[in-house]
Amino acid sequence: MTTSLTIDRLGRRGDGVALYENAPVHVPYALPGETVSVALDSDRTELLAIDEASPARRAPECSYFTHCGGCATQHMDETLYRRWKRELLVSALAWAGIEVSVDDLLDAHGEGRRRVTFHARLVDGKAAVGFMAARSHTLVAIDHCPVLTPALARAPAVARALADAVGVRKPLDIQLTATSGGLDVDMRGLGPARDKERLVLTTLASHLDLARLSLHGELIVERRPPGIMMGRALVLPPPGGFLQATAMGEDTLGRLVSEACQGRKRVADLFAGCGPFALRLAERSTVHAVESFAPALQALDKAVRGTQGLRPVTTEKRDLFRRPLLPLELNRFDAVVFDPPRAGAEAQVREIAASKMKHVVAVSCDAQTFARDMSVLIAAGFSLQRVIPLDQFRYSSHMEIVGILKR
């Protein structure tokens with residue numbers, strides 16, 4: 001069915017929301033105030049035409065926009081985009097009953113994303129490499145992406161060459177990271193590599209001038225160290241290990257966390273990864289880094305030993321979802337920093353709430369779980385003194401958040 005709608009507001013995914021027969025209808029790529037023609041069915045709404053455009057509409061910079069699902073908001077001007085993104089956090093906090101001032105959105109895109117994952121699939125019997133369409137398993141083959149750092153400009157071609165070399169017998173994911181040594185590649189979905197495949201991949205890594213090539217996290221060949229600077233330390237992250245999306249994003253988060261912990265002699269860094277916070281904090285404080293992924297802790301420990309002038313950094317392998325640090329353990333520290341995955345840190349936060357901790361820095365990539373965790377701490381007597389949203393995921397609804405709490 002085709003109908004005309006007037007868009008009232010933006011939804012959480014950046015889609016326009018209108019009322020139709022007293023029910024909300026979500027229209028992809030529509031903006032508030034616009035009158036649009038849409039096709040309505042039981043599964044989804046398709047934007048057919050923009051009959052009256054918003055002044056906030058702009059031309060997208062990428063020819064794949066609306067086809068590739070990687071970006072959702074290239075049609076918004078900067079003012080609307082920044083206001084909408086900040087409001088996602090404000091609304092999540094308000095929904096949780098938290099009244100707090102939220103800083104303006106910090107732009108941390110910098111040169112662009114330093115990591116990208118391409119999907120390789122058989123399309124009409126031929127290997128295709130690209131991104132998935134929005135809310136779909138349809139693959140959109142691409143040859144460029146404007147949100148990537150220039151060091152990843154050749155990433156689509158590299159991913160395509162690797163997929164062609166091994167054959168796409170089943171779906172493959174090819175993750176490429178820009179490092180000081182060149183491209184670091186980890187392939188997933190191929191299964192255990194046979195000797196013939198190892199030889200092919202090793203030869204191709206040389207031909208493509210890759211720094212490192214891994215399969216399911218298992219090293220195939222390392223031609224140069226794939227280094228990432230974290231503060232003044234050089235880290236060699238494990239294959240496929242977590243990194244912040246942009247170098248500027250990591251630097252900005254590191255600066256905010258370090259400033260918030262200034263003057264604290266002993267700091268616990270929970271969900272520490274390979275050390276983006278621990279290594280910066282260690283320039284002034286003794287740090288205990290806790291993380292469940294052993295290779296990340298090994299990379300952190302090696303970076304500490306290779307960097308002069310840092311305070312002591314101890315590490316502990318521990319699943320903080322199942323075994324959070326308890327109050328007696330937490331009470332040894334002057335401050336706690338935690339940066340969990342998208343699911344948040346509810347179990348750990350409850351132990352922090354029960355401890356004698358007075359200074360906490362929370363980092364999150366999800367507004368809803370951030371608000372939930374803050375509610376627990378506020379109920380335990382903490383004051384949420386500052387909330388800072390940070391944008392290193394340009395043209396998407398994703399953001400990083402820093403919360404500074406004291407009691």
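Data for the structure
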read-out	value
Label zone at Leu48 (point 7 Å along Cα-to-Cβ), backbone N below 19 Å, segment 12-35	16-21, 25-31, 34-35
Identified option (computed Cα Rg over 2.2 N^0.38 Å; candidates (i) 1.06; (ii) 1.16; (iii) 1.00)	(i)
When each of Lys265/Lys406; Lys170/Lys317; Lys317/Lys356; Lys265/Lys317; Lys302/Lys356; Lys126/Lys196 is checked by Cα-Cα distance, pairs over 26 Å	Lys170/Lys317; Lys302/Lys356
For segment 151-165, 3J(HN,Hα) per residue [Karplus equation, 6.51 cos²θ - 1.76 cosθ + 1.60, θ = phi - 60°, Hz, x = Gly/Pro]	5, 9, 4, 8, 4, x, 5, 5, 4, 5, 5, 5, 5, 5, 5
Given charges at beta-carbon only (K, R positive; D, E negative), |dipole| of segment 227-383 in Debye	420 debye
Alpha carbon convex hull of segment 220-368, volume per residue in cubic angstrom	113 Å³
Charge dipole (debye, nearest 20) of segment 196-257; +1 at Cβ of Lys and Arg, -1 at Cβ of Asp and Glu	120 debye
Alpha carbon convex hull of segment 141-185, volume per residue in cubic angstrom	77 Å³
In sequence order, calculated HN-Hα J values of segment 8-24 (Karplus, 6.51, -1.76, 1.60; Hz; x Gly/Pro)	8, 7, 9, x, 5, 9, x, 7, x, 10, 10, 9, 9, 6, 6, 10, x
Stretch gain in nm, segment Arg255-Arg407, where the contour uses 0.36 nm per residue and the Cα spacing is subtracted	52.5 nm
Stretchable slack from Asp195 to Ala161, in nm (0.36 nm times residue separation minus alpha-carbon distance)	10.3 nm
Dipole axis of segment 1-56 (+1 Lys, Arg; -1 Asp, Glu on Cβ), positive-most option in Leu48, Pro32, Ser4	Pro32
Net length gained if the chain between Ala379 and His26 were fully extended (0.36 nm per residue, minus Cα distance)	123.5 nm
Segment 50-93 versus segment 363-407: alpha-carbon centroid distance in Å	23 Å
Among Leu162, Thr177, Leu139 - extreme Cα towards positive end, dipole of segment 51-182, charges at beta-carbon	Leu162
Alpha-carbon Rg with Dmax, taken over segment 288-407, Å	15.1, 43
Heavy-atom accessible surface of segment 1-132: percent carbon and sulfur, 1.4 Å	49 percent
Charge dipole magnitude, Cβ of K and R +1, D and E -1 - the chain, Cα centre, debye nearest 20	1540 debye
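The values are calculated or read from the model by the stated rules, or taken from the named source; none is laboratory data. If you're wondering where the values come from, they're calculated on a predicted model, not measured in any experiment. Every residue, glycine as well, gets a Cβ built from its backbone with ideal geometry; the counts of neighbours run over all protein chains shown. We work out accessible area using only protein heavy atoms, side chains counted, and drop any ligands, DNA or RNA first. Shrake-Rupley method; radii C 1.70, N 1.55, O 1.52, S 1.80 Å.
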